Amino acid sequence: MPQSVNSLPKTVSGSLYHRYFGGSPTPFKDILGRLSGEEFDEPEDVIKLGYVYFLSHILLGQEYRWFVPDWLWGLVEDITGFEAFPWGNYIYSVTLYWLGKALHDRRNGRKQN
């Protein structure tokens, strides 16, 4: 996987991740449950969860059973950092990683999911 996310800040106590999900690994499907009619403590919390939804499902192409990456929770807490993050470079490198992995697996006769 690309290394650029390792230096991002982690979530802290009192963050969106801790308030709504207890800081435990959160499947993507739970984000949808929260967005479908929950009341939010802060008005910007729904926007942050919308970012998590968009990034996880659209840009990163994660499935509903996958967990939201920890670095993403830390990044949505800092909107300036979120907007400054090189999304195009990151998505491109992730795409290359997974395509290379799939090609390697195919060459080695591993069955694809």
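Given the criterion within 27 Å of Y97 (Cβ to Cβ), modelled with pLDDT of 85 or more and surrounded by fewer than 12 Cβ atoms within 10 Å (Cβ to Cβ), identify the matching residue among F54, F82.
Selected residue: F54, the only one of F54, F82 that is within 27 Å of Y97 (Cβ to Cβ), modelled with pLDDT of 85 or more and surrounded by fewer than 12 Cβ atoms within 10 Å (Cβ to Cβ).
Against the conditions (1) crowded, with 16+ Cβ neighbours inside 10 Å; (2) modelled with pLDDT under 80, where does R65 fall short? Just the number, please.
Of (1) crowded, with 16+ Cβ neighbours inside 10 Å; (2) modelled with pLDDT under 80, only one is false for R65: (1).
May I ask you to list the residues in segment 30-44 that are in a loop (DSSP other than H, G, I, E, B) and at negative phi?
S36, E38, E39, F40, D41, E42
The values are calculated or read from the model by the stated rules, or taken from the named source; none is laboratory data. In this text the structure is predicted, and so the values were computed from the model without any measurement. Note that we place each Cβ from the backbone using ideal geometry, even for glycine, and neighbour counts take in every protein chain shown.
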